[in-house]
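Here the structure comes first, spelled out in structure tokens, and everything after it is commentary.
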């Protein structure tokens, strides 16, 4: 096998074109064989195998720095740099990350888990190299929908202004996670005949020089450019931003890629190479259904069947049920229709569904505009991605008290995607915003009622829920409003009160049952509202308990526990202990394993209660 001989980019450079083509086939099969076992971003990485090989053939990392965007396209790069032998540990606890990580390898130029950061980062790297007097190319590989987000254009604009020798590779597969949407995507799709137009432009320039001479040609070139660019929109778009545009070229044609990148490496100033690839290339199921095989688990590939619905599915069905009775309900996603469950809403209410692309800031302000005109927008965004719209939540929604509902999926520890995707900050960055209501259901049934409450509230309202399956609670009750700020006591006790929120509520109940076997009786409260707190119940509990333990799947700093600490800050006799995510980034690994490691599962709560009682009783 060719792959067995390649342990670094230097080994790859020694291979012939035919050997490189064979290598591409072997890399694809290697990725498939590993992802079958570990899960991961399959289709995205399969689409960039030839591009990765060509980049490593022409450039020499780590001296030449390559920034991958979105980072889930980096599997071939990991394999062909220094992580082939470790690739079987992909996304496993203690193994290699599913995204580039500067802590993992000298070949990873920049960490990229969220989209659209590469051009800005690469430009910064290039300017720093120049200021330090260092040589080396800097290449940003942006694709899989990352060019639908605003930051990418901010980076392009600044790069064109600075005129640095920056290379941007646009990996155009017409897909992000789902089918790309928006005017820019449509713009790029029009370049099917771009190669012919480029050749025509070059031929016109050659003829003009011969007939009119160099001086007259320079005058005529502006007119000729306007004519050709009018027929060739993408060239005009990027060239007006200050980039030399090359393409589009076939991203699976190794020979053409290598020749093109060799030529580009000699050019001065910012250059954009437009590469057309097929997501899922070389694996027929992924080619036919790239959205399904974008991010897969071993469960999908093994075709295991699990009928228990996820929180996402419960949210989706509930929103459809609510919208069927209220025509003012509209749903918004930021390029994640299937991930958020809104693909089903789209099928049912196509005119009331909006996918704005990878543009969370726009999604929130767009929703604010809809709400201002009397509609009831529900914005479904993963917790980790909603971070990017913080200012819009404050300025455009909360400040104006507009009734936008935030359905925050993947809240808490998400598992194998790791630190870039854990949704462990939303309670902290939402609860301090005036006018916001923040809630977390203990199970699937309560999710339904909290979503219904949010829509009915006519207030800025966030409902956060975890990734994956629920507790298997059967849906029985008709939808009902839950009084905002109300908690419920699920288990009475006398020794200590556990205030748990979200996923941790049932874990607290389980811990309480185990403690009861040792004659330790604790009260368990479902603190389903993080903001506002149930102050009346807290005051009542303070009359009975002097010790409280808060539990949350969020960072302790600024989270739910902090809110309770603030409430009891002037009560000297009340002691509050907090359990949640510690003040550090949590690595990738199995979701429940990570919960266990940070101590928020039933065993961790049990141990914490024993420790707390020992402290207070000393």
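Readers should treat all values here as calculations from the given coordinates under stated rules, not as data from a laboratory. In this text, all values refer to a predicted model and were calculated from it rather than measured experimentally. We place every Cβ from the backbone using ideal geometry, glycine too, and count neighbours over all the protein chains shown.
When DSSP beta bridges are restricted to pairs lying wholly in the chain, around 15% turn out antiparallel. The order of 362, 422, 72, 274, going from fewest to most other C-beta atoms within 10 Å of their C-beta, is 362, 274, 72, 422.
Rounded to the nearest 0.05, what FRET efficiency is calculated for residue 16 and residue 154 with R0 set to 56 Å and r the Cβ-Cβ distance? Calculated transfer efficiency: 0.85.
Between residue 135 and residue 584, the C-beta separation translates, for a Förster distance of 30 Å, into a calculated FRET efficiency of about 0.25.
What ranking do 1, 336 get, fewest neighbouring Cβ atoms within 10 angstrom at the top?
Working: 1 10, 336 22.
Placing the least packed residue first, the sequence is 1, 336.
On the basis of the beta-carbon distance and an R0 of 22 Å, residue 469 and residue 37 show a calculated FRET efficiency of 0.60.
With an 8 Å cut-off on Cα pairs and a minimum separation of 6 or more residues, tell me the relative contact order of the chain in percent. Dividing the mean separation by the residue count of the chain yields 11 percent.
Based on DSSP H segments of at least four residues, each scored -39500 (n - 2.57), the chain has a per-residue ellipticity at 222 nm of -13000 deg cm²/dmol.
Starting from the Cα gyration tensor of segment 421-483, take the square roots of the eigenvalues, sort them a ≥ b ≥ c, and report rounded, prolate or oblate (rounded when a/c is under 1.5, otherwise prolate if a/b is larger than b/c, else oblate). Cα axes put segment 421-483 in the oblate bin.
Taking a ≥ b ≥ c as the square roots of the eigenvalues of the Cα gyration tensor, segment 311-464 is classed as rounded, since a/c falls below 1.5.
Percent of alpha carbon pairs in the chain separated by more than 44 Å?
Numbers: 52054 of 190653 pairs.
The share of Cα pairs beyond 44 Å in the chain comes to 27 percent.
Counting other Cβ atoms within 10 Å as a rough exposure proxy, the listed residues 456, 540 run 540, 456 from fewest neighbours to most.
Taking a ≥ b ≥ c as the square roots of the eigenvalues of the Cα gyration tensor of segment 488-617, is the shape rounded (a/c under 1.5), prolate (a/b larger than b/c) or oblate? Oblate shape, in that a/c is at least 1.5 and b/c is the bigger or equal ratio.
One Cα centroid belongs to segment 510-553, the other to segment 93-139; the line between them spans 46 Å.
Here the spin labels are modelled as points 7 Å beyond Cα on the Cα-Cβ line, and at residue 347 and residue 390 they lie 3.8 nm apart. Taking every C-alpha pair closer than 8 Å and separated by at least 6 residues, the mean separation divided by the residue count of segment 311-464 gives a relative contact order of 23 percent.
Principal axis extents of the C-alpha atoms in segment 465-565 (largest first, rounded to whole Å): 36, 31, 27. With a simple spin-label model that places each label point 7 Å from the Cα along the Cα-to-Cβ direction, the separation between residue 325 and residue 486 comes to 1.7 nm.
Reported to the nearest whole Å, the Cα centre-to-centre distance from segment 442-494 to segment 398-440 is 15.
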